[in-house]
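Here the structure comes first, spelled out in structure tokens, and everything after it is commentary.
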Amino acid sequence: GSFTVTGCKAGTYIIEELSSDGSHVIDTPPQTVYLSGEDQEVVQVYFGNSPKGSLLVKKIDSATHAPLSDVEFMVTTADGTAVGDANGKYVTDSAGTFTITDVAPDTTLVIKETHAKDGYILDDTPQTVKVKSNEVITVEFRNQPKGGVLVKKVDAATNEPISDVEFLVTDSDGNFIGNANGKFITDSAGTFTITDIAPGTTLIIKETRAKDGYLLDDTPQTVKVKSNEIITLEFRNQPLGGLRII
């Protein structure tokens, strides 16, 4: 970590560090020394460099604490300058993390989630940290898993599943859920499932068309979606009767 300059004449010299090794900061100002010109005179000058710091971002499931991969973040400095070589974009790996190294001490970084993993709610509240010399600062983000509803349609007399029954699903504000018109139709097992719903959302499920041979049950059911849970709702259809005249 040293070098020697020989053959110097008497006089004043200024020594200035121009570049570091990439992992340290140039934080010692230029130094001035005076050589008298006497034989074998040696003047030693010391320059100290502060090591840079790092940032480790962790993304986990808020319910199970399992790591979440493929979550996208934007990292900038306090003045909005993008960090890194991808315009500030970073994506968590299989361990649910990413690391930014060689950050100058006292740099303020702003970390914001921009794209959540499928099945999770976006946490777009940014976190701000100040990087310290020779230290890895860890920041943790948690994603709340979404929930869902499983709707079952059965024969009220036999408990057999009923297919081809149409339902309308909205939230408490009347917005359609799942698709453009909010319509769902039971499959051969007499069911349909709605997933990726934010916890706390209230769903209103109403039968709009019964299968041939059954009475329409148009009394809606209301359910509040819970995190990381599929709630089951059952609708029962009364089969139609008949009259035989002899």
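The values are calculated or read from the model by the stated rules, or taken from the named source; none is laboratory data. Here the structure is a predicted model, which means the values were calculated and not measured. Positions of Cβ are backbone-derived with ideal geometry, glycine not excepted, and every protein chain shown enters the neighbour counts. For the accessible areas, the whole protein counts, side chains as well, though only heavy atoms, and no ligand, DNA or RNA atoms are used. Shrake-Rupley method; radii C 1.70, N 1.55, O 1.52, S 1.80 Å.
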Select from the stretch 1-18 the residues that are of a type in the set (Gly, Ala, Ser) and at pLDDT 90 or above and write down the one among them that is farthest from the chain's Cα centre (by Cα).
ALA10
Of the conditions (1) in contact with a Leu (Cβ under 9 Å, 6 or more places away or on another chain); (2) of a type outside the set (A, V, I, L, M); (3) open to solvent by less than 30 Å² (accessible area, probe 1.4 Å); (4) not in a strand (DSSP E or B), GLU41 satisfies every one except a single condition; which number is it?
(3)
Would you check which residues across the stretch 96-107 are closer than 11 Å to LYS59 by Cβ and either part of a strand (DSSP E or B) or β-branched (Val, Ile, Thr) (or both) and list them?
THR97, PHE98
Kindly provide the set of residues from the stretch 147-159 that are touching a strand residue (DSSP E or B) at 6+ places or on another chain (Cβ under 7 Å) and either closer than 11 Å to ARG236 by Cβ or surrounded by 16 or more Cβ atoms within 10 Å (Cβ to Cβ) (or both), ordered by number.
GLY147, GLY148, VAL149, VAL151, LYS152, LYS153, VAL154, ASP155, ALA156, ALA157
Residue that is nearest to VAL131 (Cα to Cα), among those in the stretch 4-18 that are of a type outside the set (Val, Ile, Thr) and open to solvent by less than 90 Å² (accessible area, probe 1.4 Å):
GLU17
Looking for whichever is closer than 30 Å to ALA78 by Cβ and open to solvent by 70 Å² or more (accessible area, probe 1.4 Å) here; the options are VAL136, VAL131. Which one fits?
VAL136
When you check THR193 against the structure, is it open to solvent by 40 Å² or more (accessible area, probe 1.4 Å), of a type in the set (Ser, Thr, Tyr) and over 30 Å from the mean Cα position of the chain (by Cα), yes or no?
no
Can you tell me which residue is nearest to PRO29 (Cα to Cα) among those in the stretch 50-88 that are among the acidic types (Asp, Glu) and part of a loop (DSSP other than H, G, I, E, B)?
ASP79
Could you list, ordered by first residue, the pairs with Cβ atoms under 6 Å in which the first is in the stretch 207-227 and of a type outside the set (A, V, I, L, M) and open to solvent by 50 Å² or more (accessible area, probe 1.4 Å) and the second is at pLDDT below 95 and not in a strand (DSSP E or B), at least 6 apart or interchain?
LYS226/PRO199
Being among the hydrophobic types (A, V, I, L, M, F, W, C), within 30 Å of ASP27 (Cα to Cα), open to solvent by 30 Å² or more (accessible area, probe 1.4 Å) and part of a strand (DSSP E or B): is that true of VAL110 here?
yes
Residue by residue through the stretch 222-246, note down the ones that are of a type outside the set (D, E, K, R) and closer than 17 Å to ILE185 by Cβ.
LEU233, PHE235, ASN237
Name, by its number, the condition in (1) surrounded by 10 or more Cβ atoms within 10 Å (Cβ to Cβ); (2) modelled with pLDDT of 90 or more that does not hold for SER23.
(2)
